[in-house]
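The structure under discussion appears below in the form of structure tokens.
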Amino acid sequence: MQRLSQDELQAAKRIYNRVNDLTNNYYGKKIAASVKDFVSSNRWIMFPVNNVTSLREGASHPVPNVFISFEDIIVDNQCGQVNGWVGLTYNNSESMLWLHESLRPKKAEHFLKILSGLTSDWIVEISQKIKTNFQDNTPKYHQAVKPINASSATAEAIKTAIKNSDVQLPKRGDYYDSEPVLNAITMVSVLKETTVQTFDSDIKNVFELFFKVLGYNNDIKQVPK
């Protein structure tokens, strides 16, 4: 994976600060001072929701992460905007356990009601995060099954997609892209494509989605105020 250039990192800082302004300075000055701590070489920016203070901490935090992903290069028009993907992702085993809890019969209705309120351009993406024994073990991501339209998603459809991905997961010692696998998990994201024209409203919608998803589940501690 090609490292981000200094120009890309500076663009990421502008984007990060713009999101900080759009969300009413949610992060606080102490956290926002180290923007580079939240920018991945995989070309995505994680935002420090729920008191997360670094990418490393976010990688193991038991709640979904809010992120912006940009495949090749940041396009920000010098003012902190981007063409790419925005959303939230259940990116580790702890957050996936929480998602499974959200899809249980007694809770699924509430979770699906949140998804049904999204516009038709939002999807539920089921992908695989694969770490291999190479360099710094930066994860690789692979879309496992066809994305699901978020507004019409059912609990059964999401659970079936997760199961299908789990069956396909490479095991430790298998090879992926000619490299031995250390570990692999299925992860789920709720996301949409964003453009410079829609970026501001998309970011606000992502944070609104995050607080809705986090807020209704009483099993999660440290719910943001």
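The values are calculated or read from the model by the stated rules, or taken from the named source; none is laboratory data. Every value quoted in this text rests on a predicted model; they were computed, and no experiment measured them. Ideal geometry is used to build each Cβ from the backbone, glycine not excepted, and the neighbour counts take in all protein chains shown.
Miscellaneous remarks
- Test: residue in the range 117-130 that is farther than 19 Å from residue 194 by Cα, charged (D, E, K, R) and free of Cβ contacts under 8 Å to residues at least 12 places away in the same chain: no
- Checked against the criterion of being of a type in the set (A, V, I, L, M, F, W, C) and assigned to a strand (DSSP E or B), the candidates 203, 185, 158 yield just one match: 185.
- From 116, 127, residue being among the small types (Gly, Ala, Ser) and buried (at least 17 other Cβ atoms within 10 Å of the Cβ): 127
Quick grid of which residues meet (1) part of a helix (DSSP H, G or I); (2) surrounded by fewer than 18 Cβ atoms within 10 Å (Cβ to Cβ); (3) at pLDDT below 75:
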position: 1; (1), (2), (3): no, yes, yes
position: 4; (1), (2), (3): no, no, no
position: 9; (1), (2), (3): yes, yes, no
position: 18; (1), (2), (3): yes, no, no
position: 21; (1), (2), (3): yes, yes, no
position: 27; (1), (2), (3): no, no, yes
position: 31; (1), (2), (3): yes, no, yes
position: 37; (1), (2), (3): yes, yes, no
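- One residue stands out among those in the range 50-99 that are in contact (Cβ under 8 Å) with a residue 24 or more places away in the chain, of a type in the set (A, V, I, L, M, F, W, C) and in a helix (DSSP H, G or I): the one that is nearest to residue 9 (Cα to Cα), which is 59.
- Cross-chain or 6+ apart pairs with Cβ under 7 Å, the range 186-204 first and under 12 Å from residue 126 (Cβ atoms), then assigned to a helix (DSSP H, G or I) and of a type in the set (Phe, Trp, Tyr): none
- Residue list for the range 57-101, restricted to those being acidic (Asp, Glu) and either crowded, with 19+ Cβ neighbours inside 10 Å or out of contact with any Gly (no Cβ under 8 Å at 6 or more places or on another chain) (or both): 57, 72, 76, 94, 101
- Looking only at residues in the range 69-117 that are in contact with a strand residue (DSSP E or B) (Cβ under 7 Å, 6 or more places away or on another chain) and β-branched (Val, Ile, Thr), the one that is farthest from residue 208 (Cα to Cα) is 82.
- Residue 155 vs. criteria without any contact (Cβ under 8 Å) to a residue 60 or more places away in the chain and more than 19 Å from residue 42 (Cβ to Cβ): yes
- Tallying residues that are closer than 23 Å to residue 204 by Cβ and assigned to a loop (DSSP other than H, G, I, E, B) within the range 100-155 yields 8.
- Subset of the range 39-62 (residues that are aliphatic (A, V, I, L, M) and modelled with pLDDT of 85 or more): 39, 45, 46
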